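Chemist: This is the structure I want to talk about, given as structure tokens.
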Amino acid sequence: MSSPALQEMEISIAADDFSALEHRVLRTVELLKSEREARSAAEQRVREAEQRIEETDKRVETLEASVQSLEESGLNAEQRIITLEDQLANSEKTVAQLNDENASAHSQIDTLSNERDTIRGRVEKLLKHLDEITA
């Protein structure tokens, strides 16, 4: 082959390599964007779960204050026993519900933390891969 034909073929190969590299970089950027969005969504779910836990804790405190208030009130013994039994039954139901919600919230937090760690690992892997590509 002549020298100009050889140079033209080398330029064509280099352009193909550059195009493939550019495509990989664009895919990596899109992956990073989607991973960041997923991480942001997971962090939002964690914040919401933590807020629900705080609300649950406040409800438990309110119920405890209500029980204490009833104990300190001047109701006669029969009324107080009936009221306390009803309140206790309601409190036990509420505590059971709150415990379920609390367990669910902790489970969600654990799941979200695992998702966040997975996403973090994937992002770090992508960044490392991007560094290797650009190097």
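Bear in mind these aren't lab numbers, they're just calculated from the coordinates by the rules spelled out. Predicted model only: the values in this text are computed from it and were never measured. No Cβ is skipped: glycine too gets one built from the backbone with ideal geometry, and neighbour counts run over all protein chains shown.
Chemist: Which whole-Hz couplings ³J(HN,Hα) result when phi for each residue of the range 90-99 is put into the Karplus expression 6.51 cos²θ - 1.76 cosθ + 1.60, θ = phi - 60°, listed in order with x for Gly and Pro?
Modeler: 5, 5, 5, 5, 5, 4, 4, 5, 5, 5
Chemist: Fewest to most neighbouring Cβ within 10 Å: what's the order for R52, R27?
Modeler: Ordered from fewest to most neighbouring Cβ atoms within 10 Å, R52, R27 come out as R27, R52.
Chemist: What lysines does K33 reach when the alpha-carbon gap must be under 17 Å and sequence neighbours fewer than 8 apart in one chain are set aside?
Modeler: The reachable lysines, counting only those whose Cα sits under 17 Å from K33, are K125, K128.
Chemist: Something else about it: Work the Kirkwood hydrodynamic radius out for the range 12-135: mean of 1/r over every pair of different alpha-carbon atoms, inverted, in Å.
Modeler: 19.0 Å
Chemist: Give a residue-ordered list of calculated ³J(HN,Hα) values for the range 113-119 (Karplus: 6.51 cos²θ - 1.76 cosθ + 1.60, θ = phi - 60°; whole Hz; x for Gly, Pro).
Modeler: Values, residue by residue: 5, 5, 4, 4, 5, 4, 5 Hz.
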